[in-house]
Amino acid sequence: MFTRVCKAETVPEGGMRLVIADNHLIVLAWPDNAEEMKAFQGVCPHSNTPLNEAEFDGTIITCPLHYWTWDLNSGDPVEPQECPLAQYPVKVEDGVVYIDTEGVTPLFAAP
């Protein structure tokens, strides 16, 4: 079931923001040159730190705590190649962004 999270205009191309859908903290991003927005878990799989202060260069997000990085086109890890970010289905209708959290669980790196 899709949950309304924000207006699409609040996430410009090359930008990101954190949103909450069904008690999930989610990074909503529109990577540079991507055709659509993407949604991934909003906590670092290494430290469970919220990514609200993460750096985002339009493609790569960097956790502020230990500088782990992921490509927000896919959620794949860049450095280290440790653990991907869980991805959520996104849809935009009439300028509003909706995210489906059903069956998606944040991923965490092995201790």
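Values in this text are rule-based calculations from the coordinates and carry no lab data. From a predicted model like this one, the values you see are computed outputs, not experimental measurements. Neighbour counts are summed over all protein chains in view; Cβ atoms, including those assigned to glycine, are modelled from backbone coordinates with ideal geometry.
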Item to check | Ordering of 70-80, 86-96, 24-34 by packing [mean C-beta count within 10 Å, highest first] | outcome: 24-34, 70-80, 86-96
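Hey, how much of the P(r) for the chain falls beyond 17 Å, as a percent of Cα pairs? Mind dumping the intermediate values first?
Working: 2891 of 6105 pairs.
That tail contains 47 percent of the Cα-Cα pairs.
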Next on the checklist: 7 Å from Cα along Cα→Cβ at both M1 and E55: what's the point-to-point distance in nm?
Outcome noted: 4.1 nm
Checklist outcome for this item: The set of residues whose placed amide H lies less than 5 Å from the amide H of C6, leaving out same-chain residues fewer than 5 positions away, is V97
Checklist entry - If pairing requires two Cys Cβ atoms under 4.7 Å apart, which cysteines of the chain are left without a partner? => result C6, C83
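Rounded to a whole number of µm²/s, how large is the Stokes-Einstein D of the stretch 1-60 at 37 °C and 0.692 mPa s, given Rh as the Kirkwood radius over C-alpha pairs?
Details: Rh = 11.9 Å.
Diffusion coefficient, whole number: 275 µm²/s.
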